[in-house]
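Undergrad: Dropping a structure here in structure tokens format, bear with me for questions.
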Amino acid sequence: MLEIQPLETGLFGASSNLELEYRIAPLLSVSGYLEWALTPFPYNAQPNLGNLSDASEFRARLQFSLEVTSSTAVDLGYDFTRWHAAFTNSSVLDPTGPADKALLLEDREHAITVGIRWKP
């Protein structure tokens with residue numbers, strides 16, 4: 001299965017994703033998922049963070065699925081998420097000084113997932 005979503009635009013940014021699935025054996029399949037987004041407008045951000053100059057999000061997932069019965073599958077996956085935001089004219093680190101600093105925020109998350117899926 002190959003599924004490509006078109007670029008979506010919204011009030012707070014633009015995102016796109018890609019999903020691939022390949023059956024390795026009759027009972028085993030592997031799938032991958034990529035999603036990326038640009039968020040040029042801050043949402044509910046505190047004023048001393050400054051002006052948002054760049055923000056993005058990236059998500060990836062790799063998953064193996066084993067069909068145990070015709071209606072049950074066991075999934076094992078790895079997820080990775082990265083958020084990035086850059087602000088200019090920030091005073092959050094030095095509230096008494098002028099708002100002329102740059103602020104870079106970045107977060108990376110890793111997760112291993114195990115699931116049982118029931119297909120009616």
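Undergrad: Modelled with pLDDT under 85 and either in a loop (DSSP other than H, G, I, E, B) or surrounded by 13 or more Cβ atoms within 10 Å (Cβ to Cβ) (or both): does that describe Ala45? Before you say what the answer is, go through the steps one by one.
TA: Details: modelled with pLDDT under 85: yes; either in a loop (DSSP other than H, G, I, E, B) or surrounded by 13 or more Cβ atoms within 10 Å (Cβ to Cβ) (or both): yes.
Considered against the rule, which asks whether it is modelled with pLDDT under 85 and either in a loop (DSSP other than H, G, I, E, B) or surrounded by 13 or more Cβ atoms within 10 Å (Cβ to Cβ) (or both), Ala45 comes out as yes.
Undergrad: Can I ask one more? Select from the stretch 83-107 the residues that are farther than 18 Å from Leu38 by Cβ and not in a loop (DSSP other than H, G, I, E, B) and write down the one among them that is nearest to the chain's Cα centre (by Cα).
TA: Applying the first criterion (farther than 18 Å from Leu38 by Cβ) to the stretch 83-107 yields 89-103.
Checking which are not in a loop (DSSP other than H, G, I, E, B) leaves us with 89-90, 101-103.
Working: Asn89: 27, Ser90: 26, Lys101: 28, Ala102: 24, Leu103: 21 Å.
Here the answer is Leu103.
Undergrad: Now for a separate question. Can you tell me which residues in the stretch 79-93 are out of contact with any His (no Cβ under 9 Å at 6 or more places or on another chain) and modelled with pLDDT of 80 or more?
TA: Here is the first cut: in the stretch 79-93, the ones out of contact with any His (no Cβ under 9 Å at 6 or more places or on another chain) are 82-93.
The answer is Arg82, Trp83, His84, Ala85, Ala86, Phe87, Thr88, Asn89, Ser90, Ser91.
Undergrad: Are there any pairs, at least 6 apart or on different chains, whose C-beta atoms fall under 6 Å, with the first in the stretch 97-120 and over 20 Å from Phe64 (Cα atoms) and the second assigned to a strand (DSSP E or B) and open to solvent by 70 Å² or more (accessible area, probe 1.4 Å), and if so, which?
TA: Ala99/Asn89; Asp107/Trp83
Undergrad: Here's a follow-up. Can we say Gln63 is touching a Gly at 6+ places or on another chain (Cβ under 7 Å) and among the polar types (S, T, N, Q)?
TA: Answer is yes for this residue.
Undergrad: Could you run through the stretch 66-86 and say how many residues are open to solvent by less than 50 Å² (accessible area, probe 1.4 Å), closer than 13 Å to Thr113 by Cβ and β-branched (Val, Ile, Thr)? Quick ask: steps written out before the conclusion?
TA: First pass over the stretch 66-86, keeping only residues open to solvent by less than 50 Å² (accessible area, probe 1.4 Å): 67, 71-73, 75, 77, 79-81, 84-86.
In the following step, the residues that additionally are closer than 13 Å to Thr113 by Cβ were identified as 75, 77, 79-81.
Now restrict to residues that are β-branched (Val, Ile, Thr): 81.
Final tally of qualifying residues: 1.
Undergrad: Is it the case, given these coordinates, that Gly115 is surrounded by 15 or more Cβ atoms within 10 Å (Cβ to Cβ), at pLDDT 85 or above, in contact with a Gly (Cβ under 8 Å, 6 or more places away or on another chain) and over 18 Å from Ser15 (Cα atoms)?
TA: Numbers: surrounded by 15 or more Cβ atoms within 10 Å (Cβ to Cβ): no; at pLDDT 85 or above: yes; in contact with a Gly (Cβ under 8 Å, 6 or more places away or on another chain): yes; over 18 Å from Ser15 (Cα atoms): yes.
No; evaluated as a whole, the condition is false for this residue.
Undergrad: Any residue in the stretch 14-27 that's under 21 Å from Ala55 (Cβ atoms) and among the polar types (S, T, N, Q): show its pairings with residues that are open to solvent by 40 Å² or more (accessible area, probe 1.4 Å) and not in a strand (DSSP E or B) at Cβ separation under 9 Å, as long as the two are six or more apart or on different chains.
TA: Ser15/Gln5; Ser15/Leu7; Ser15/Thr39; Ser16/Gln5; Ser16/Pro6; Ser16/Leu7; Asn17/Gln5
The values are calculated or read from the model by the stated rules, or taken from the named source; none is laboratory data. Just so you know, these numbers come straight off a predicted model, no measurement behind them. Glycine also receives a Cβ, built like all others from the backbone with ideal geometry; neighbour counts cover every protein chain displayed. Remember, those area values only see protein heavy atoms, side chains included, never the ligands or the DNA or RNA. Shrake-Rupley method; radii C 1.70, N 1.55, O 1.52, S 1.80 Å.
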